[in-house]
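Everything on this sheet refers to the single structure shown next.
The values are calculated or read from the model by the stated rules, or taken from the named source; none is laboratory data. Remember, predicted model here, so these are calculated numbers, not experimental data. Here Cβ is always computed from backbone atoms with ideal geometry, including for glycine, and neighbour counts include all displayed protein chains. In case anyone asks, the SASA skips ligands and DNA or RNA and just uses the protein heavy atoms, side chains included. Shrake-Rupley method; radii C 1.70, N 1.55, O 1.52, S 1.80 Å.
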Amino acid sequence: MKRSEQDELKYTEDMIYANFSNYSAWHNRSVLLSALFDKKAEGFLLKEKVLPEEYEFIHQAIFTDPDDQSGWFYHLWLLDQTVTTDSPLLASSWPVHGSDVLLVGDRCYNGSAFSPFSALHSDSGSFPIVLYFNQPVGGVNSSTVTVECGFNKNEDLLWKPLSASNSQTARVWVAHLKVPSSDLHSTVEVSVGHTKGIISTRGFEYGHPSMFSFKVHVQPMERDSSQVSVAESISLREENFKVYGKQSEESIIDSFDQLIIKNGHETTASNWRFEALAKEIECFRELLSLVDCKIGKLTLARLLKAYDAMSYPFANKLVHSEEVLELYSDLMKLDPTHYQFYKDERSIVLLQKVTSSKGSLLQHCFQYKDSVSSAICGPICLRLNNLSLSRMGAFEKLLWVQMLDLSHNELQSIEGLEAMQLLSCLSLRNNKLRSLTALEPLRKLKSLRILDISYNQIGDHSIDTTRYVCSSPLSHSVGSELNRDETVTSDVALINNWEAFYIFKDFNLNQLDIVGNTIADEKFKSVLVKIMPKLKQLDGKLLD
């Protein structure tokens with residue numbers, strides 16, 4: 001009809017006033033406004049002017065008929081426009097700025113000056129540099145991210161996206177930096193985005209160049225032959241942990257502040273966002289005081305989460321986490337049809353609360369206590385067991401974790417765990433993992449040596465639906481890169497065990513526990529031993 005977007009926008013307004021339930025008009029309005037924002041058209045240059053007016057407009061629909069869904073969907077779009085920054089930002093990294101990384105060739109080290117957050121074992125003499133962005137980005141390479149140090153050429157570094165879909169865009173990118181044993185002390189500087197090329201999936205350039213630096217200390221191999229490697233036998237059971245002593249507590253607390261990246265440029269630019277969210281929170285609290293509305297509770301929970309996310313890390317705590325947890329608990333009772341969705345959202349909020357302050361994090365940090373404890377390189381074991389978690393989150397604050405206990409939860413998926421590149425020891429004991437392909441994120445964890453997936457539901461369900469999460473059910477999204485002509489490897493018939501082969505073939509595990517799963521019979525265990533020839537211990541038994 002050759003009408004301008006402004007005229008079309010006015011037309012949607014007329015249609016909405018005629019019928020608040022006109023979902024097509026609300027949807028078209030969001031599309032038109034998005035286009036006007038992108039073009040920075042006259043009168044639509046600043047969201048801070050347009051969005052508050054749109055909130056007032058949507059309130060008329062929501063308050064007139066709280067049970068109609070059309071207005072709620074538009075409000076969700078407005079919330080996304082309010083909280084999402086156009087330009088991607090670096091949310092966290094490992095190593096963190098100002099840290100001292102101790103790279104040890106064995107499992108013990110002398111001296112206590114190094115934080116357990118940053119001491120790690122490396123047989124290869126290399127360690128990962130991890131960049132965690134607040135939204136998926138592409139274009140991370142040696143041109144857009146420079147790494148300066150005396151022993152390595154920047155162009156030698158290969159940056160890889162860590163994505164479940166194997167796409168070339170991801171929130172998390174990793175490169176491995178190799179340190180020669182002759183260079184015992186070095187300073188590394190990482191510059192991100194000083195050259196253009198990092199672009200978000202929404203088409204926005206990384207607009208806030210940043211830099212962080214850290215020191216690397218290499219300790220040569222000094223292990224006594226009588227010492228037992230920590231990788232040979234670890235049991236993440238209750239009796240094998242002890243709380244940290246006072247001196248260790250201080251080390252953890254001193255290190256906590258380093259884990260947080262404070263993007264100072266956000267504060268002044270986001271004042272209108274805080275004001276808009278605060279006004280919406282007040283508005284929906286008033287609505288819920290008048291009517292018990294499920295979608296109103298969900299929207300209030302989203303608003304409170306968004307407000308806390310924008311406030312943190314400047315406030316160093318999540319002010320509304322308890323209220324949000326209570327809202328999701330109420331929704332699980334009020335709306336059992338969507339129970340799992342609310343439970344997943346509640347799990348993420350709970351993890352954000354656990355990792356938001358020194359005190360709450362310290363309650364979940366333990367020291368491994370065992371006969372080989374003298375040979376352990378002092379890593380913290382983060383114990384997030386028995387929390388009824390059904391979904392993982394807050395990964396940007398967990399990049400430092402080397403030992404993780406997620407036992408006795410309700411996890412069906414571990415998507416996102418691939419971001420934790422330092423992870424060497426993981427317990428998923430007593431969860432609800434339904435298939436081997438649910439373990440796919442672990443394939444990207446090159447440091448993983450010890451894995452406990454005992455007492456899950458692997459093998460209970462004959463059809464693994466994650467095979468078909470793709471455009472066509474005729475092609476597998478999981479294992480699609482396998483060589484189709486490859487039918488037998490190490491006497492293992494892939495036609496019967498393709499999932500096991502695909503998941504475990506690249507693992508470098510020393511220890512695996514799989515007992516308590518339907519699939520874990522003696523025949524399957526023999527298959528695992530053939531797939532992983534480096535495996536030393538299976539279900540607590542040493543292998544020949």
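Of note:
- Residue among Leu448, Leu494, Leu442 that alone is over 30 Å from Val401 (Cβ atoms) and either surrounded by 13 or more Cβ atoms within 10 Å (Cβ to Cβ) or at pLDDT below 75 (or both): Leu494
- Verdict on Val188 being β-branched (Val, Ile, Thr), part of a strand (DSSP E or B), modelled with pLDDT of 75 or more and touching a Lys or Arg at 6+ places or on another chain (Cβ under 8 Å): yes
- The residues of segment 59-78 that are aromatic (Phe, Trp, Tyr) and open to solvent by 70 Å² or more (accessible area, probe 1.4 Å), listed by number, are Phe63, Phe73.
- Some residue of segment 289-304 being at pLDDT 85 or above, open to solvent by 50 Å² or more (accessible area, probe 1.4 Å) and within 20 Å of Val83 (Cα to Cα): yes
- Residues within segment 340-351 that are more than 12 Å from Leu384 (Cα to Cα) and out of contact with any Lys or Arg (no Cβ under 7 Å at 6 or more places or on another chain), tallied: 6
- For segment 95-137, the set of residues classified as open to solvent by 10 Å² or more (accessible area, probe 1.4 Å), over 16 Å from Val179 (Cα atoms) and at pLDDT 75 or above consists of Val96, His97, Gly98, Tyr132, Asn134, Gln135, Pro136, listed by residue number.
- Subset of segment 1-58 [part of a loop (DSSP other than H, G, I, E, B) and open to solvent by 90 Å² or more (accessible area, probe 1.4 Å)]: Met1, Lys2, Arg3, Lys40, Glu42, Leu45, Leu46
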